[in-house]
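Please treat every number below as a calculation from the coordinates, not as lab data. Quick caveat: nothing in here was measured; it's all calculated off a predicted structure. Using ideal geometry, Cβ is built from the backbone for each residue, glycine included, and neighbour counts are taken over all protein chains shown.
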Amino acid sequence: MKSLIRSRLALGAALAVLLAGGVAFAKLNPGQKVFVKAKNTKLLAKPEANSQVREILQPGDEVAWESGPEAKEFHRIKSPKNTEGYVFFSNLALERPKPEIFTGGTTKDARAFASSGAATRALAEGAIRYGDKKLNDQQAVAAVVTMEAIAAQVSAGDAAKLVAENGLIPAVGEKEKK
Amino acid sequence: MKRARLPALLLLGGSLALAGACAELEKQTKKIQTDTSKASTHASETFQKPTKEVEEVHQGCVDRFDVKTVDFDEESSFGGAMAVNLAHSGLIVVDAVNPSTVKPEAKKKATEYKVKPTPKNEALRYLNTVGFNLGAQSERASVRYRFAVLSDDKVVNALSAPGGYVFLSRALLRKIESEDQLAGVLAHEIGHIVHRDALNGYSRVKVTACEAVSWVRKGTSGMKVPTGTMVPKELADSPLGKSIAKLMDSGSSALNLNSDENSDALAQITEKVVSSINDLGYAKEDEYKADEVAVDLLQSAGYSLAEYAKLLNSLQGGGALKNHPSGADRVAHIRKYIDQKLQSDPFFQPQPKDKAAIPLKDRLKPLLEG
């Protein structure tokens, strides 16, 4: 009986997550600086998912908010290059992403970090040595390398295809400007 | 490869259930827990208000080795070692490349390995596609997140390592009923990486080693830290202590984990961190923060938040790990967080109440077999 009550309470709590709507939205002011958060954010000519792409923006780019939401999901913004257009609500954040730390304690913003290639490196020499010499387990090293190789095969295009198949929000664009 | 002998825990995120850490290291780790654990009985019995000297030594080490000083090279090298440790303890379900073809990243890129297009690897590719889409919307969108499955069929668990490594146990995978739930688990682990939770543990071990070295150099036996925990003197003489001592002399903070001379230190610090998280899990606050990231990412990508809550409620949390909140507590926290976001973040939109779950369509089935 106790477990039945508990499971009903749990289900109620789960459903309550959905009922959290109806709260007043926070407001933005035209011209307010906000930040791009999703990789390859498409700046669209119209508030439509398949509209012409005017520019590709990257995480950390500071943009000026103009209006929104329009057609429920889109906000009108102006890019650092002064290009105006629409992005999904999911593409924007109120705060700039924290910078990544580099050698000597220097920092790089998200765009510079992405272009450095640091984040896409494969298994480091020390980790391979640890697996080979300390754990005496080359299979474990090979398994992690395979994990990395499979992840490296996945592209933004693959993610976009999955998003389209499932009717998700296409916040992450393919890199190429259409 | 060794099969995992995992303790019977039921949780999501943060538990590193490993058999690899040796008993001696575990003893030392328990002694040097600082921020995430209570002081040992011995320490609390003898603890008095820290002297100015104790505080100065501690602060000097924090300033030098805090997580804010850990650069991405160090993070990814340490994360790689943690990933190998996890793979060693719980075989990754994958048709792996030939071990003889493995070379360090400087000599061979991840894209240069030829991966067989087997059903298992294709299922992992799907897992990585779901994860890629989430990671690319996270606060650390440029990190390359990698997702894999551990062969453990008993412990419902997910865990992550710095640098972007995420693992799910096969037992957890069996409980997942929709892509939304899968996305929730992956997003929660991305949250731990975004907040550098395991890396915080790594930095704390470096700080403690620095304190041990400092006290030995002062020639005193009163090696206390401000929390009252005793720093084991042996730590100063260990490979890690020696590596940290060299750093202290050189004026640098970054431990070159790829250098052969630091290989013993890397092994020591990896096993310390793994066994520490294994014993205690992350702090409750860290789990709640990771759930907040999960909510942000699910909502941003368009997955059902209710599906994630449903999964959390189906898990028996808390119990074995001192710090781990229960599923019900986590759902309650998520509810509060959504309320707060709706009021404060104009880019956070409520989901339709009838939002349907996305079926998995047997896409993960090859990972559940054999």
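Values for this structure:
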| item | result |
| --- | --- |
| Scattering curve values for segment A:74-117, log₁₀ I(q)/I(0), Debye with Cα scatterers, q = 0.17 Å⁻¹ | -0.66 |
| Separation between Cα centres of segment B:321-370 and segment A:126-140, rounded to whole Å | 36 Å |
| 5 angstrom amide H check on B:Leu150, placed H, neighbours 5+ away | B:Val93, B:Leu168, B:Ser169, B:Arg170 |
| Inter-label distance for A:Lys27 and A:Ala112, nm, one decimal - labels placed 7 Å from Cα along Cα-to-Cβ | 3.8 nm |
| Other-chain or far-sequence residues with amide H under 5 Å of A:Thr107's (modelled H) | A:Phe102 |
| Karplus-derived HN-Hα couplings along segment B:109-119 (A = 6.51, B = -1.76, C = 1.60, θ = phi - 60°), whole Hz, x at Gly and Pro | 7, 4, 6, 8, 7, 8, 9, 5, x, 7, x |
| Average beta-carbon neighbours from other chains, 10 Å sphere, peptide B:89-99 | 5 |
| Net charge over other residues, Cβ less than 15 angstrom from the Cβ of B:Pro104 (K, R count +1; D, E count -1) | 0 |
| Euclidean distance between Cα centres, segment A:33-81 to segment A:144-166, Å | 24 Å |
| 5 angstrom amide H check on A:Glu66, placed H, neighbours 5+ away | A:Gly31, A:Arg76, A:Ile77, A:Lys78 |
| Reachable aspartates and glutamates from B:Lys109, criterion Cα separation under 17 angstrom, eight or more residues apart if same chain | A:Glu125, A:Glu148, B:Asp73 |
| Kirkwood Rh and Cα Rg combined as Rg/Rh, segment A:55-178 | 1.09 |
| For segment B:64-135 versus segment A:85-116, the gap between their alpha-carbon centres in whole angstrom | 23 Å |
| Whole-Hz couplings from phi, Karplus 6.51/-1.76/1.60, listed for segment B:63-69; x for Gly and Pro | 4, 7, 10, 4, 4, 5, 9 |
| Restraint check, A:Lys33/B:Lys355; A:Lys33/B:Lys341; A:Lys133/B:Lys233; B:Lys107/B:Lys242; B:Lys310/B:Lys341; A:Lys108/B:Lys114, Cα-Cα greater than 22 Å | A:Lys33/B:Lys355; A:Lys133/B:Lys233; B:Lys107/B:Lys242; A:Lys108/B:Lys114 |
| Taking B:Val54, B:Val205, B:Val166 and counting other C-beta atoms within 10 Å, the order from fewest to most | B:Val54, B:Val205, B:Val166 |
| Two-site label geometry, A:Asn50 and A:Lys78: point separation in nm, points 7 Å out along Cα→Cβ | 3.2 nm |
| Amide N proximity, segment A:140-178 versus B:Asn98 label position 7 Å along Cα-to-Cβ, cut-off under 19 Å | A:140-147, A:149-150 |
| Percent of Cα-Cα distances greater than 25 Å, calculated over segment B:234-370 | 54 percent |
| Derived scalar couplings ³J(HN,Hα) [segment B:363-369; Karplus, 6.51 cos²θ - 1.76 cosθ + 1.60; whole Hz; x for Gly, Pro] | 5, 9, 3, x, 7, 8, 9 |
| Sorted peptide list for B:118-125, B:328-335, criterion being average Cβ within 10 angstrom, highest first | B:328-335, B:118-125 |
| Spacing of the two label points (7 Å from each Cα toward its C-beta) at B:Lys154 and B:Glu261, in nm | 4.4 nm |
